[in-house]
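Accompanying notes for the structure given below.
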Amino acid sequence: MELDTIAAISTPPGEGAIAIIRISGEASLPIADRMYRGKQKLRDVDSHTIHYGHLVQPATNDTVEEVMVTVLRAPKTFTREDIIEINVHGGVVSADRVLQLVLTEGARLAEPGEFTKRAFLNGRIDLSQAEGVMDMIRAKTDRAMNVAMKQVEGRLARQIRSLRTRLLEAIAHVEVNIDYPEYDAESVTLERLETQITEVQAEIDQLLATAHQGKILREGLATAIIGRPNVGKSSLMNALVQDNRAIVTEIPGTTRDVLEEYVNLKGVPLRLIDTAGIRETEDVVEKIGVERSRQALSEAELVVLVLNANEALTVEDEALFAAIADFNAIVVLNKTDLKKEIDESQVHALIGDRPLVTTSLLKEEGIEDLEAAIAHLFFDEGVEGAEMNYVSNTRHIVLLNQAKATINEALEAAQADMPVDMVQIDVTRAWEHLGEIVGETAPDQLIDQLFSQFCLGK
Ligand code: GDP
Ligand code: ZN
């Protein structure tokens, strides 16, 4: 397949010290040479070198920009194609002008993620690695970044490929026995197959066991702070946000329909739900407090229920306890600097074995305890586990579950003494599900859709 030559501005929009225009494809060098004036023609320089010079309008020879040009020849490049990177003075106009020139000279404007897509199409990375690149761009904490980086390095891909190879080997044995039935007893074949695919299934289970933490690291833990008006919800949110530097959530080219705030809690990204609601003027919240809390609950993975220690429990508090019956929840008893009016034995009866943290947000006391309690609830054994492969991507999780289910079907068929080739069909399907994770059996449409989520110029 012949791919055309693409170009884009690869640095973020806006002003900066420099901006980079990236070109990839067969025509990269010829295009650059038509515009570049320097000591040598770029086609004559060594690969992976950088060169000072000027860009001109080829038609008039008018100077357009002072530039540094990096020449990266295939195949040792990000896309495995010839790549030219033009460093220009930062500024919207200059980068745009150079890009226009490159496009006039014959490159096509790259679609979002198209450079990474090329790396995939040209076999440099697989799909799970490409997805890791995207996760790295979007990572909100160091830990999330580490998980994504391992995925980019191809660790998950290697494990998936090894699982696939083992399934294939299991099928291959069966193949031999279908062709030469007298060569081996069918029951022995089936036993060996069962052992092999059971081992693969166990490893899939191990991967799936990391999915919960992995997904939290990747997407943030959806957290709802709820409680009656005036108990201290806004104060709590502000304390969390101030303590933990809200993380940049700006993803170029995406729109957010809900107002969200991220907090980096000991490496765990908390995604605070409905911060707009919490921030609204109190008289509005007053009217819709409990109702709004219920709404925030609909997407919450963690609930922080705030109570006021300075007042007796109310029926509204009890209603909120009832509403969070099925949730992971932490109860915060706030305003402990004031006279205690709440009946603690009543509180204890309601919270059962959920963690209770006492705070005085006014005096900035107890916030550390709360943070520790949240981290403990979700990352009991710690997220460090440097040697572990995390599955963090919903697409991967779905496919792993499908692979696991089809291996189950194969095992059931084998145990029910079904014909060997029936068992083989199920194992082959499991092999295909795993292949979709690394992109070997993924449909084109899916691939297009995945890469379209990238930023422009990546
Ligand atoms: P929300 O309606 O639940 O969001 O509550 P706010 O966070 O807006 O707090 C309501 C009032 O309680 C504000 O005047 C806060 O300053 C005050 N407040 C919050 N936390 C404490 C605390 O720990 N002790 C005391 N004494 N006042 C607090
Ligand atoms: Zn408030």
Where a residue in the stretch 402-430 is hydroxyl-bearing (S, T, Y) and its partner, wherever it lies, is modelled with pLDDT under 85, with Cβ under 9 Å and at least six apart:
T428/I171
Please go through the stretch 203-239 and give me each residue that is of a type in the set (A, V, I, L, M) and within 16 Å of ligand 2 (Cβ to nearest atom), ordered by number.
A224, I225, I226, V231, L236, M237, A239
Given the condition part of a helix (DSSP H, G or I), closer than 21 Å to R228 by Cα and either within 16 Å of ligand 1 (Cβ to nearest atom) or modelled with pLDDT of 90 or more (or both), answer yes or no: does some residue in the stretch 365-387 qualify?
yes
Here are some conditions: (1) of a type in the set (S, T, Y); (2) farther than 15 Å from L99 by Cβ; (3) within 37 Å of the chain's Cα centre (by Cα). T5 meets all but one. Which one does it not meet?
(2)
Here the qualifying pairs (Cβ atoms under 7 Å; residues six or more apart or on different chains; first in the stretch 431-453 and assigned to a helix (DSSP H, G or I); second among the hydroxyl-bearing types (S, T, Y)) come out as E432/T441; H433/T406; G435/T441; I437/S128; V438/S128; F451/T116
Which ones in the stretch 100-117 are under 11 Å from K458 (Cβ atoms), among the acidic types (D, E) and surrounded by fewer than 21 Cβ atoms within 10 Å (Cβ to Cβ)?
E111
Looking at the stretch 68-82, is at least one residue buried (at least 18 other Cβ atoms within 10 Å of the Cβ), assigned to a helix (DSSP H, G or I) and touching a residue at least 40 places away in the same chain (Cβ under 8 Å)?
no
Out of (1) exposed (fewer than 14 other Cβ atoms within 10 Å of the Cβ); (2) not assigned by TED's automatic domain parsing to the domain that holds N230, what's the single condition that is false for L400?
(1)
Looking only at the stretch 118-142, and only at residues there that are basic (K, R) and surrounded by 21 or more Cβ atoms within 10 Å (Cβ to Cβ), the one that is modelled with the lowest pLDDT
K140
Answer yes or no: is there a residue in the stretch 232-245 that is assigned by TED's automatic domain parsing to the domain that holds L338, modelled with pLDDT under 85 and not in a helix (DSSP H, G or I).
yes
Scan the stretch 87-98 and give yes if some residue there is out of contact with any His (no Cβ under 6 Å at 6 or more places or on another chain), modelled with pLDDT of 90 or more and assigned to a strand (DSSP E or B), otherwise no.
yes
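Residue-wise test of (1) touching a strand residue (DSSP E or B) at 6+ places or on another chain (Cβ under 8 Å); (2) surrounded by 13 or more Cβ atoms within 10 Å (Cβ to Cβ).
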residue	(1), (2)
K339	no, no
T359	yes, yes
L362	no, yes
A373	yes, yes
Test result for R80, basic (K, R) and touching a strand residue (DSSP E or B) at 6+ places or on another chain (Cβ under 8 Å)
no
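The values are calculated or read from the model by the stated rules, or taken from the named source; none is laboratory data. Worth saying up front: this structure is predicted, and the values here are computed from it rather than measured. Glycine also receives a Cβ, built like all others from the backbone with ideal geometry; neighbour counts cover every protein chain displayed.
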